[in-house]
1. Number of Lys-Lys pairs in region 86-198 under 19 Å by Cα, sequence gap 8 or more or different chains?
2. Please give me the summed charge of the neighbours of Leu65: other residues whose Cβ is under 13 Å from its Cβ, Lys and Arg +1, Asp and Glu -1.
3. 222 nm [θ] for the chain, helices only, -39500 (n - 2.57) per DSSP H run of 4+, per residue, to 500?
4. Bin width 10 Å, origin at 0, all Cα-Cα pairs of the chain: what percent of pairs per bin?
5. Find the centroid of the Cα atoms in region 1-47 and in region 69-92, then give the distance between the two in whole Å.
6. Please compute the contact order of the chain in relative form: average sequence separation of alpha-carbon pairs under 8 Å and at least six residues apart, divided by the residue count, as a percent.
7. Over the Cα atoms of region 6-79, what is the Rg over Rh ratio if Rh follows Kirkwood?
8. Grab the beta carbon distance between Gln135 and Leu78, set R0 = 41 Å, and tell me the FRET efficiency rounded to 0.05.
Amino acid sequence: MPNLMKLYYFDTEGYGEVSRLIFKFANVPFEDVRIPKTDWPAMKNEPRFLTQQIPILELANGKILGESKAIQYYLGKLYGFMGKDVFEDAKIQQYVFGLDDNGGAGKAIMLETDLAKKAELAKAFYVNVVVNILQNYTKFLNENGNNGHLVGDKLTVADLALYQALKTFMLFNIPIENEFPILSQFLVNMKEKVAKLSHA
């Protein structure tokens, strides 16, 4: 049996999930190495962890690739989840990077332990950051013909990144279903596609 690529990340979705989904949609076996957070301090100085951060992707030939979006781009190009030309590739990257334009506010909410402060941060996050993102990505879907994809007429890394972002926003009780129907339908459609993977 040939060596498989190994994706190293924590046992959560986070920055590793888009890459996991690319493997699954491509029907390509891989080693999903899920590191317990309690084990990470003792592991992070191993040579394979180039910057003491994860995710990393270890190729079958032993080469290492770090940074979540670099891994997504590599796997997307390898397995057909990027665009049909250089411009579409750039559009996909534009949409992927655009979802991170939140100044780290989402992470700050996750880390906050005081419930009152967490609620206050979540409200500010929605008003100051999320609404703008949701309005923009509604527009982007419409500009592409509202065909269920951000770029072209097939599933791309951009769609997977938007799917993960919307799932994360839902954790903060963002009213996507009531206020952003196009994104709500996109999320429903993507959930159905992902559910089919687990039953394939």
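1. Close lysine pairs found across region 86-198: 16.
2. Combined, the nearby Lys, Arg, Asp and Glu give +3.
3. Calculated from helices alone, the mean residue ellipticity at 222 nm is -16000 deg cm²/dmol.
4. 8, 32, 36, 20, 4, 0
5. 20
6. 19
7. Computed over Cα atoms, the ratio is 0.94.
8. Here the calculated transfer efficiency is 0.80.
None of the figures in this text is laboratory data; all of them are computed from the coordinates on show. Predicted model, so just to flag it, every value in this text is computed and none were measured. Note that we place each Cβ from the backbone using ideal geometry, even for glycine, and neighbour counts take in every protein chain shown.
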